[in-house]
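There's a structure below that I have some questions on.
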Amino acid sequence: MLQQNTRLFSFVAGKSGRWQITQSTAVVGEPLPPAARLEIIEGPPPAAGSVWTLSGVTSNERYVNREEKIQLVGKQASLGRPQATHGAVIPIRKNARWWGLTQQERREIFEERSHHTAIGLKYLPAIARRLHHCRDLAIPQSFDFITLFDFAKADSNAFDDLLAALRTTEEWKYIDREVDIRMIKE
Ligand code: HEM
């Protein structure tokens with residue numbers, strides 16, 4: 001039997017879960033069905049009982065260079081800090097044009113022209129994040145990435161500013177589905 005990948009996480013929306021979903025907005029493309037709560041679990045989703053589930057694996061970095069990595073590691077915080085009562089899950093799909101580019105062309109758009117890491121770094125350590133990749137799972141997924149963030153209530157506006165900045169970039173022109181799910185932990 002194949003062994004379970006320990007980097008697999010599932011996002012399970014339904015009636016129960018630690019996070020209360022306060023808003024779910026389709027920024028581009030199809031929305032996700034409305035649900036009251038979200039649980040984030042290690043491993044595959046349960047077989048039944050959810051409104052929707054998404055799965056993805058954490059992975060190695062694709063784009064960051066050494067200098068950026070040093071800056072990220074020096075500044076970033078882990079998810080789950082007690083004051084981080086506010087969260088966002090933003091699943092994203094990029095179009096076929098993006099996936100048809102070479103790694104180097106994607107890096108140029110992602111960083112040299114869109115400054116994704118440079119923009120994001122300004123918001124650390126207030127915003128903690130984890131990126132999950134979905135394209136290489138055995139079962140085809142409806143998104144390419146699931147992004148997860150948590151932050152203190154006082155940093156909610158900063159998170160909105162960060163998203164506004166990223167959404168004006170060249171990188172975002174390649175996104176053909178994005179759902180912005182906001183949540184709070186009681
Ligand atoms: C909190 C500040 C943020 C920082 C420091 C940051 C940093 C990064 C870095 C370094 C990568 C590339 C990892 C690699 O080399 O493979 C990345 C990828 C990504 N980030 Fe962010 N990010 C931030 C916020 C956001 C936000 C708000 C979004 C919006 C949903 C987002 C969406 C993504 C996506 C979709 C990818 C994957 C891109 C791809 O591989 O094509 N990030 N981020």
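From Arg107, Arg97, Arg182, which residue is more than 8 Å from the ligand (Cβ to nearest atom), surrounded by 15 or more Cβ atoms within 10 Å (Cβ to Cβ) and in a helix (DSSP H, G or I)? Explain how you work it out, then say what you get.
Numbers: Arg97 fails: surrounded by 15 or more Cβ atoms within 10 Å (Cβ to Cβ); Arg182 fails: in a helix (DSSP H, G or I).
Just a single option satisfies the conditions, and that option is Arg107.
Among the residues of the stretch 112-136 satisfying the criterion of being more than 10 Å from the ligand (Cβ to nearest atom) and part of a helix (DSSP H, G or I), which is surrounded by the most Cβ atoms within 10 Å (Cβ to Cβ)?
Arg113
Let me ask something additional. Regarding the stretch 137-145, can at least one residue be identified that is modelled with pLDDT of 95 or more, within 10 Å of the ligand (Cβ to nearest atom), outside any loop (DSSP other than H, G, I, E, B) and within 17 Å of the chain's Cα centre (by Cα)?
Within the stretch 137-145, one or more residues are modelled with pLDDT of 95 or more, within 10 Å of the ligand (Cβ to nearest atom), outside any loop (DSSP other than H, G, I, E, B) and within 17 Å of the chain's Cα centre (by Cα).
Right, here's the next one. Being more than 17 Å from the chain's Cα centre (by Cα), touching a residue at least 24 places away in the same chain (Cβ under 8 Å) and surrounded by 12 or more Cβ atoms within 10 Å (Cβ to Cβ) is the filter here, so list the residues in the stretch 1-19 that pass it.
If the condition is that a residue be more than 17 Å from the chain's Cα centre (by Cα), touching a residue at least 24 places away in the same chain (Cβ under 8 Å) and surrounded by 12 or more Cβ atoms within 10 Å (Cβ to Cβ), then Asn5, Gly14, Arg18 are the ones that fit.
Any residue at all in the stretch 153-169 that is within 11 Å of the ligand (Cβ to nearest atom), assigned to a strand (DSSP E or B) and touching a helix residue (DSSP H, G or I) at 6+ places or on another chain (Cβ under 8 Å)?
no
Okay, next question. Could you please find all residues in the stretch 59-79 being under 19 Å from Leu148 (Cα atoms) and more than 9 Å from the ligand (Cβ to nearest atom)?
Across the stretch 59-79, the qualifying residues are Val73, Ala77, Ser78, Leu79.
Something else: Being within 23 Å of Leu137 (Cβ to Cβ) and touching a Phe, Trp or Tyr at 6+ places or on another chain (Cβ under 8 Å) is the filter here; which residues of the stretch 15-42 pass it?
Leu32, Pro33, Ala35, Leu38, Glu39, Ile40, Ile41, Glu42 - these are the residues of the stretch 15-42 that are within 23 Å of Leu137 (Cβ to Cβ) and touching a Phe, Trp or Tyr at 6+ places or on another chain (Cβ under 8 Å).
Suppose the filter is at pLDDT 95 or above, touching a helix residue (DSSP H, G or I) at 6+ places or on another chain (Cβ under 9 Å) and outside any helix (DSSP H, G or I); does Val89 pass it?
Taking the combined requirement at face value, the residue does not satisfy it.
Could you give every pair whose Cβ atoms fall below 8 Å, whose first residue belongs to the stretch 139-154 and is under 17 Å from Leu32 (Cβ atoms) and of a type outside the set (Ser, Thr, Tyr), and whose second residue is crowded, with 16+ Cβ neighbours inside 10 Å and modelled with pLDDT under 95, counting only separations of at least 6 or pairs across chains?
none
Could you tell me whether the stretch 93-112 includes any residue that is closer than 23 Å to Ser10 by Cα and within 15 Å of the chain's Cα centre (by Cα)?
So far as the stretch 93-112 goes, yes, one or more of its residues are closer than 23 Å to Ser10 by Cα and within 15 Å of the chain's Cα centre (by Cα).
The values are calculated or read from the model by the stated rules, or taken from the named source; none is laboratory data. Predicted, not measured: the structure shown is a model, and the values here were computed from it. Please note: Cβ atoms are built from the backbone with ideal geometry, for glycine as well, and neighbour counts cover all protein chains shown.
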